[in-house]
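Presented below is the structure to which this report refers.
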Amino acid sequence: MGFEAAVGSSPPATHDTPLGAASGPRFLRREQPVYPRVARRLGIEGTVLLRLTIDEYGRLTRVEVVEGADSDNGFAEAAVAAVRRSLFAPAERDGKTVASRAILPVRFTLRRTE
């Protein structure tokens, strides 16, 4: 899919870990994405898989769309925008904060009314 959003110019991550794992990076403040109007109107749901690079200070330095970047529905752009507004705590290794990469699925689900 190839959509990337560079946020800074930090060196590449040295530690791969799941987002939210005990020693991995985690959200300090998680912003929710805005559901794209076109997708809502068409009743489309989907998931975007992002790879986040977070430096040793908890700064988001890169966001890559790994999967689900259908440009017609707006999910990838909405997911990236929400992640950019979020705040993170860095990963830790041996008691020290380290740069890391983490995979984050962002699900877009319409609420059903009955």
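Nothing in this text is a laboratory measurement; each read-out follows from the coordinates by a stated rule. Everything quoted here is computed from the prediction, not taken from an experiment. Positions of Cβ are backbone-derived with ideal geometry, glycine not excepted, and every protein chain shown enters the neighbour counts.
Some notes on this structure:
- Cα-based Rg and Dmax for region 40-103, where Dmax is the largest Cα-Cα distance (Å): 14.1, 49
- Along each principal axis, Cα extent of region 12-57, largest first, Å: 41, 20, 18
- When each of F108, F27, F75 is scored by the number of other beta-carbon atoms lying within 10 Å, the sequence from fewest to most is F27, F108, F75.
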